[in-house]
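What follows is a single structure, written as structure tokens, with notes after it.
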Amino acid sequence: MQRLKLAVAGLLAGMLAACASGPRVYTDVDPAADFGQFQTFAFIESAGKDTEARYQTLSGQRIEDAISSALEARGYRVDIRNPDILINFHLKTEEKTRTAPPVYVGGYYGYRSGMYVGWPGYVEPGYVDTYTEGTLTVDMVNRVTRQMVWEGTAVARVTSSVREAPNETVRSAVASIFAKYPFVAGSNVAVPLAQ
């Protein structure tokens, strides 16, 4: 019984550590793309804009600024007239529910004072966890061919601390995505990624 409690505590600690370490990041790349030809970028006209009202949201502006900084740190330059790559991004939130059913921990028979005695089991209560999950996706598109060449996505829980510090949250999410982007401007050679 003690082992089960320790195992459950270890599992919960691992889940909390994984959540605290940052968003889950996924990337995809077109293996045929020649990243050596890309040196300039611009955002597509509708990136980060409210689709109905057609204006730039505050979150959209924060994301655009963070992406620009990440690309400029890799040697890319903004060129709104004739960019090599076009950048698009999508931000969405979704309500999620995670449940675990109650678990019956069975009793056992133990040897006590010369006789076998049955020990009753107990039920570990289940739980329902409702939370908001945020997803930020950044797309890079070859302007000439109109083909996507790279995509990065960060997924994380949206907590009250995230909502209270939107600038830091956006910078952290974009930095997590671009930590998985292996190229610098004008080079087709991927650089080693930090683990």
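The numbers here are math on the coordinates, done by the rules we state, and not lab data. Bear in mind that the values here come from a model prediction, so they are computed numbers and not experimental data. Every residue, glycine among them, receives a Cβ derived from its backbone with ideal geometry; neighbour counts consider all protein chains shown.
Observations on the structure shown:
- Extended-chain gain in nm, criterion 0.36 nm per residue less alpha-carbon gap, residue 39 and residue 90: 16.1 nm
- With a cut-off of 15 Å between beta carbons, the residues surrounding residue 157 carry a summed charge of 0, where Lys and Arg count +1 and Asp and Glu -1.
- Stretching the chain fully between residue 65 and residue 28 yields a gain of 11.1 nm (0.36 nm per residue, less the alpha carbon separation).
- The stretch between residue 158 and residue 137 holds 6.0 nm of extra length on full extension. This uses 0.36 nm per residue minus the Cα-Cα distance.
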